[in-house]
Structure formats: structure tokens, C-alpha cells
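Worksheet for the structure shown next.
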Amino acid sequence: MSKEKIRVIITGATGMVGEGVLHECLLNPDVERVLVVNRTPCGVSHAKLSEIVHGDLFDLSELEPQLRGFDACFFCLGVSSVGMSEQAYSRVTYDLTLYVAELLAKLNPEMVFCYVTGSGTDSTEQGRSMWARVKGRTENRLLQLPFKRAYMFRPGYIHPIKGLKNTHGYYKALSWMYPALRLLLPKHVITLKELGRAMINSVTTDYESSILESKDIAKLAKP
């Protein structure tokens with residue numbers, strides 16, 4: 001019996017994670033439609049891909065009709081906290097994420113929402129690491145929204161997909177170490193392909209935990 005076809009929204013497709021997730025969605029026959037919402041064009045063309053380029057992601061009111069009828073949102077938009085104040089980082093990480101998520105929950109109450117955070121995110125919101133506190137606060141609020149399901153993806157090291165253009169130099173430099181890292185640190189290492197596949201599978205699978213560390217992502221990625 002074939003799986004039900006799904007329709008997904010992706011944010012952050014001009015970054016490494018978003019580009020990889022988009023790549024997997026376009027390859028997967030279970031995904032029938034992909035809508036990318038970006039500030040700048042993602043540079044990808046495909047029969048099942050449509051794109052909205054919108055400069056102000058804090059005001060999507062005029063786009064509401066185009067954001068209805070989707071089964072999932074894969075929220076891959078994010079910035080590094082390096083050199084940012086907590087207020088500035090919170091503006092992008094917490095305020096923007098919650099604005100988009102609250103709007104989508106209203107428009108698509110049966111939606112599955114997948115949010116990319118990171119290993120070490122602080123669910124207590126009280127730790128010393130600024131980025132981890134902000135990510136934890138974002139996760140906690142997302143889990144309170146009236147989605148069908150919400151999953152917080154917390155990858156550690158992400159092995160890139162060869163040939164994609166937005167791979168960070170950091171990951172390119174370490175990619176030769178991947179086999180050893182996977183063997184020695186299996187709970188902290190994931191491939192970008194697995195991350196994309198896990199998100200797709202999360203739409204039709206009620207996974208046992210709403211917070212997914214690398215080992216959970218690998219498990220959920222399996223057919």
C-alpha cells in the first residue's frame with residue numbers, strides 16, 4: 001500500500017540544511033508539492049517546486065491564501081549567534097520562528113511542524129549558553145502550538161550532500177572524517193540526507209518523542 005502524498009513548505013532553502021532538505025523532498029516520490037518561502041531565490045527549478053520570494057518574513061499576511069493546504073512545514077531558517085546580542089539573536093530565532101509557526105498553525109491545523117535547532121539546546125532556558133537558551137525557549141513555545149504534531153530536530157555534526165552549493169566550509173573541512181565520527185560518535189553524527197528523509201517520514205509517522213537527537217533522526221529516516 002503506497003503512502004499518502006504530502007505537500008510541504010520549506011523555509012531557509014538558501015542555507016545548507018534547507019537546501020539539503022529541499023533536495024530530498026524533490027527526490028522523494030511521497031512528496032507531491034513543495035513550496036519554498038525565501039527572502040532571496042533558491043536557484044532551484046523542479047516540476048513540483050514553487051517559490052515565494054518575500055522580503056519581509058515578519059509580514060506574510062498577503063500570502064495567507066498561498067500558505068493553506070499543506071501537510072508540513074520544514075523550518076530550516078536560522079542564523080549563527082556568533083557576534084550577535086541576545087536581543088538580536090532572539091529576534092530572528094524566536095520572534096520570526098514563532099510568527100511564521102503561529103500563522104501556519106492557524107491556516108493548517110492538521111500540519112506537522114519540524115524545526116531545526118541543534119544538539120545542546122537548553123530546554124530549561126536557564127543555562128549559560130545564550131544560543132541554547134533562546135533555542136530552548138523557541139522549542140518550548142513551538143510545542144505548545146496547536147499543530148497536529150511538532151518535532152524539534154537537534155542534529156550535531158551534519159555530513160553534507162555532495163554537490164550542493166550551500167555547504168558550510170566547516171562541514172566541507174570535516175567531511176573526510178565522517179566515517180570515523182559516525183563510528184566513534186554515533187549519537188552525535190547524522191547525514192543531511194538522513195535529516196531530510198526523517199522530516200519527510202515525520203509527516204506520516206507518529207514518532208515516540210517530540211525532541212529528536214541525532215540517533216532519533218537516524219531511526220526516523222529509515223524506510
Next item on the list: Quote the FRET efficiency, to the nearest 0.05, computed for residue 128 versus residue 183 with a Förster distance R0 of 30 Å and r equal to the Cβ-Cβ distance.
Entry: 0.45
Margin query: Full-extension gain between residue 88 and residue 26, please, as 0.36 nm times their residue separation minus the C-alpha to C-alpha distance.
Written below: 19.0 nm
Next item on the list: Would you pull out the residues with amide H under 5 Å of residue 9's amide H, same chain only if 5 or more places away, H placed 1.01 Å from N?
Entry: 35, 72, 73, 74
Notebook entry, point to check: If you plug each phi of the range 7-12 into the Karplus form 6.51 cos²θ - 1.76 cosθ + 1.60 with θ = phi - 60°, what whole-Hz ³J(HN,Hα) values come out, in order, with x for Gly and Pro?
Noted result: 10, 10, 9, 10, 10, x
Next item on the list: Find the accessible area per residue for the range 39-120; the probe is 1.4 Å, ligands and nucleic acids are left out, and the unit is Å².
Entry: 47
Item checked: Unsatisfied cross-links (Cα-Cα over 27 Å) in the set 5/187; 106/193; 48/187; 106/187; 135/215 -> 5/187; 106/193; 48/187; 106/187
Note to self: Using the Karplus curve 6.51 cos²θ - 1.76 cosθ + 1.60 with θ = phi - 60°, what ³J(HN,Hα) values do you get for each residue of the range 68-85, in whole Hz, with x for Gly and Pro?
What the structure shows: 8, x, 10, 8, 7, 10, 9, 8, 10, 6, x, 9, 6, 7, 4, x, 9, 6
Checklist line | Neighbourhood charge, 12 Å Cβ-Cβ cut-off, centred on residue 137 and excluding it, Lys, Arg +1 and Asp, Glu -1 | finding: -2
Next item on the list: Pull up all non-local amide H partners of residue 191: gap of 5 or more, or a different chain, and H-to-H distance under 5 Å with H placed in the peptide plane.
Entry: 159
Notebook entry, point to check: Among (1) 47, 44, 35; (2) 66, 34, 29; (3) 74, 36, 32, which one is Cα extents along the principal axes in Å computed from these coordinates?
Noted result: (1)
Next item on the list: Would you mind pulling out the separation of the Cα centroids of the range 92-151 and the range 1-69, in Å?
Entry: 19
Next item on the list: Along Cα→Cβ, 7 Å out, is where each label goes; now give me the distance between the ones at residue 110 and residue 45 in nm to one decimal.
Entry: 3.4
Notebook entry, point to check: Taking a ≥ b ≥ c as the square roots of the eigenvalues of the Cα gyration tensor of the range 8-77, is the shape rounded (a/c under 1.5), prolate (a/b larger than b/c) or oblate?
Noted result: oblate
Note to self: Please compute the length gained on full extension between residue 54 and residue 207, using 0.36 nm multiplied by the number of residues separating them and subtracting their Cα-Cα distance.
What the structure shows: 51.8 nm
Item checked: Accessible carbon and sulfur surface of the chain relative to its total accessible area, %, 1.4 Å -> 54
Checklist line | Karplus-derived 3J(HN,Hα), 6.51/-1.76/1.60, for each residue of the range 45-62, Hz, glycine and proline x | finding: 10, 6, 4, 9, 9, 10, 9, 10, 9, 9, x, 10, 6, 7, 9, 10, 4, 6
Next item on the list: Show the residues, 5+ positions off or on another chain, whose built amide H is closer than 5 Å to the amide H of residue 211.
Entry: 152
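The values are calculated or read from the model by the stated rules, or taken from the named source; none is laboratory data. Because the structure is a prediction, the values reported are computed rather than measured. We place every Cβ from the backbone using ideal geometry, glycine too, and count neighbours over all the protein chains shown. Side chains included, ligands, DNA and RNA excluded: accessible areas come from the protein's heavy atoms. Shrake-Rupley method; radii C 1.70, N 1.55, O 1.52, S 1.80 Å.
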